[in-house]
Amino acid sequence: MIGVLGGYGAVGGTAARLLAGRGPRADGGEADHPGVRVGGRDGAAARRFVDAELGGHGEAWQVDALDAAELARFCAGCRVVVNCAGPSYLLRDRVARAAFAAGADYVDAAGDAAAFAQPAGTGTQGRTAVLSAGMLPGLTGLVPRHLAGLASAALTPNAEHGRGCGLRLDVYTGGLDRLTPAAAGDFLLAGQEERGAALAAWRDGARVARALTPVHDVQLPYFPGPVTAYPYLSAEAERVAVELGLAQARWYNVIAGDGVLAAASTAGQAADLTRAAELELAGRTPYYVLLFQLSGPHGTRTLALRTRDSYALTAAVAAHAAMAVLRGDVAAGLHHADAVLDPARVLADLEPVAKIEITDAVAPIDLVAPVFEEGAL
């Protein structure tokens, strides 16, 4: 049984549909319909989802993730619990602890360094846990590893180079998309130091504070119109920079229109930000782009991933992670998804929900204005 908490929401609904259509068999193949348990605060909504979306092939549960007893009952009998509920800053490790106590493995479509610290204190009781198994964080850590692997393969075996080979990574993620209340809650807390640093960049093995500035009305490849690029070096970005030995890394959140960005500076609660996103989206076609460029001795390689539904993308990564755990591909212990999942296999699994392009034909993007010495022309 696979338990999906928040299983009829924007992320959980797609994850449940994906998981209900495939599962491991004893012979290593895949079964058509593994058992899926869909849970959320509204039991009637869970039942309607199972009947309408899963053809009745699943269990519907009423469960409040903040109620320890209800959560324990939901997790009992599950092999893997996939948490698609939120916001993650409020749930922290509650669902993970309940899963471990029930003898289940755990996958979180969100989760970050802050949530990581708590279950790490007591361990996973011999179970497997995969956090940050979504689009951002998750996919945004996996793709740089994929590009770095391609770059290593392009270098000659006898080339004289250190780890990282002076590589520079530039990442632009965002677009025009709806914002759920849970996502809005996490967005409002994105500026916390434990989660990352606004305006920071990565240079020569260290975070450099206030190294970058926002860029307005810029046209980026693969984005359909002018956008605002807001520098933000997340905890995931720093970890990836360290593990890949990057010389430089610049990460930008991309926003189509300044309404959401303006609302974020004044919003008192998540609902305010959700409404601002709805106004931005009114009458327009949603899109989301993840654009990565890795530059070094191999040249500049670009990977662009485009979707109309970022939540479906998050769900696809979470479902992939759950299947990897069920297959035994991930060892016991606590892991970030990007550190244990196979990037190529994840990208192949995303093809139904995203268009992916890898090319060497896009020129390097540089939003950093040159710095001139005083008196120079």
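Modelled label positions at Q269 and A206, each set 7 Å beyond Cα in the direction of Cβ, lie 4.3 nm from each other.
Descending by average beta-carbon neighbour count within 10 Å, the peptides 53-65, 354-366 line up as 53-65, 354-366, the highest first. Count Lys and Arg as plus one, Asp and Glu as minus one, and take only other residues whose Cβ is under 14 Å from that of A201; the net charge is then +1.
None of the figures in this text is laboratory data; all of them are computed from the coordinates on show. What you are looking at is a predicted structure, and each value in this text was computed from that prediction instead of being measured. Cβ: placed from backbone, ideal geometry, glycine included. Neighbour counts: every protein chain shown.
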